[in-house]
Amino acid sequence: MNTAKGTVLVSGASIAGPAVAFWLRRYGFSVTVVEKAGGLRGGGYPIDVRGTALEVAGRMGILPRLHEAHIETRLLTFLDSTGGEVASVHPQTVVGGVEGSDVEVRRGDLAEILYGATRDDVEYVFDDSIDALEQHENGVEVTFRGGTRRAFDLVVGADGLHSRTRELVFGPEHPYHRYLGYCFAGFTMPNEFGLSREGVLWNVPGRGAALYAVKGSERIHGFLVAARPEPPYEVLRDPQAQLDLVAATFDGDGWEIPAMVTAMRDADDLFFDTVSQIHLPRWSSGRIALVGDAAYAPSFLTGQGSSLALVGAYMLARALAVHRDHTAAFAAYEDDTRGFVEVNQAQVGVGDAALFPVTAEALARRDSRLRGLTASVPGTGRPAHTALTLPEPIAEPQRG
């Protein structure tokens, strides 16, 4: 395969997909991105770009846009069951970030920035998805949901935690799905609380709620999180059952919980899922590779999903540019990136108890630690966030 002129289909137009498309196009590949949604998903909950991922963003030339979109959360306030204040801390002391360096943006804003950096050079196909994949010696035959068939040299699955590409290549999700003991509902609601550039977290043992206000928005992000020993698979495809499960779980709770449950029922942007990770023994098979959450979702408890997507996209595309053979390229991508992924997935053990303790004893310990923190800004981040030294990009091919 001539790597300067290969064709690549990327499934997914959120974060990892457009990011890998950017680098593949820079290295001379012809790239098509297919996305099942009818267009980009705007707005969305806040996400972080930090550590090694900031270096990737800098090399992409999108860092100024990210700084423009930075929402600059300034305070996190933790509350007890009655709404009384436990502690107010700087957000970076909780997430392990670096003030003045890390960037926090709405997920949709990052997707828009990545799309803007690629739309002129990359073919985007919205409102369609991969229905079937058939590998052969010289490429991959792809059948799309809309009925068309096309051939590509390579396919990259960047289609999230519940990746259809991964299912087609590696089988059902269950063997690779590591449930972390929680399910959650996220939605937006009117900001009737006077909040600005801050988050408020309410906790009782095994249940938590958060209100998150970004700058310049009349709406705030609401989250309801509950510990459950077994994942509620039975409701994952039933929106009404999801609403009923969350409402029943928080029934009788005080503070603003009743208002949040009502807002959840009225929301047109409800997102419900388990808090989970993906652990695969390998990230590729033949001519098909996975990147981002499809390959190694770390869960929102680590705050590293988008950063791993950006770094993984860079590493995968660079490996394909360096190695003429896709088999060698996919092996190099995994060898060079897996350690970084695993140390960041392991951060769930650092952050989970701080956010949503399950027992009264764990909640008391957490609250005691929070009271010992100050509102000052930490000077350094977690070592895991910068655990990969990013290799230099290779020279771009001359375009005829």
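With label points built 7 Å along Cα→Cβ from the Cα atoms of residue 328 and residue 392, find their separation and express it in nm. Those two pseudo-labels are separated by 2.1 nm. Under the simplified labelling scheme, the residue 132-residue 336 pair shows an inter-label distance of 3.6 nm, with each label point 7 Å from Cα along Cα→Cβ.
I want the local charge near residue 8. Using Cβ-Cβ distances under 13 Å, sum +1 for each Lys or Arg and -1 for each Asp or Glu among the other residues.
Numbers: positive: 5, 25, 26, 150, 287; negative: 121, 123, 153.
Residues near residue 8 contribute +2 overall.
May I ask you to give the average projected area over all directions of the convex hull of the Cα atoms of the chain, in nm² rounded to one decimal? Each step should come with its number before you reach the end.
On the way: hull surface 75.8 nm².
Projected over every direction and averaged, the Cα hull of the chain covers 18.9 nm².
Taking the Cα centre as origin and putting +1 on Lys and Arg beta-carbons and -1 on Asp and Glu beta-carbons, what dipole magnitude results for the chain, to the nearest 20 debye? Write out the running numbers ahead of the final one.
Working: 36 positive and 50 negative charges, 159 e Å.
I would put it at about 760 debye.
Ligands, DNA and RNA are left out, and with a 1.4 angstrom probe the accessible area of the chain is 42 Å² per residue.
Under 14 Å from the Cβ of residue 209, count the other residues' Cβ atoms, weight Lys and Arg +1, Asp and Glu -1, and hand me the total.
Details: positive: 207; negative: 80, 251, 253, 256.
So the surrounding residues net to -3.
Taking the convex hull of the alpha carbon positions in region 169-246 and averaging its projected area over all directions gives 7.3 nm². On the chain, 48 percent of the accessible area sits on carbon and sulfur atoms, based on a 1.4 Å probe. Take every Cα pair under 8 Å whose residues are at least 6 apart in sequence, average their separation, divide by the length of region 64-174, and the relative contact order is 15 percent. Each of 140, 209, 255 was placed along the dipole of the chain (beta-carbon charges, centred on the mean Cα), and the one lying farthest toward the positive end is 140.
Converting phi to 3J(HN,Hα) with the Karplus coefficients 6.51, -1.76 and 1.60 and the offset θ = phi - 60°, region 115-128 yields 5, x, 7, 10, 5, 6, 10, 10, 7, 10, 10, 9, 6, 7 Hz in sequence order, with x at every glycine or proline. Enumerate by residue number the GluC sites (Glu not before Pro) in region 104-202 meeting two conditions: DSSP loop (anything except H, G, I, E, B), and at most 13 other Cβ atoms within 10 Å of the site's Cβ. Here the sparse-neighbourhood loop sites are 137, 192.
The values are calculated or read from the model by the stated rules, or taken from the named source; none is laboratory data. If you're wondering where the values come from, they're calculated on a predicted model, not measured in any experiment. Note: ideal-geometry Cβ built from the backbone for every residue, glycine included; neighbour counts use all protein chains shown. SASA here: full protein model, heavy atoms, side chains in, ligands and nucleic acids out. Shrake-Rupley method; radii C 1.70, N 1.55, O 1.52, S 1.80 Å.
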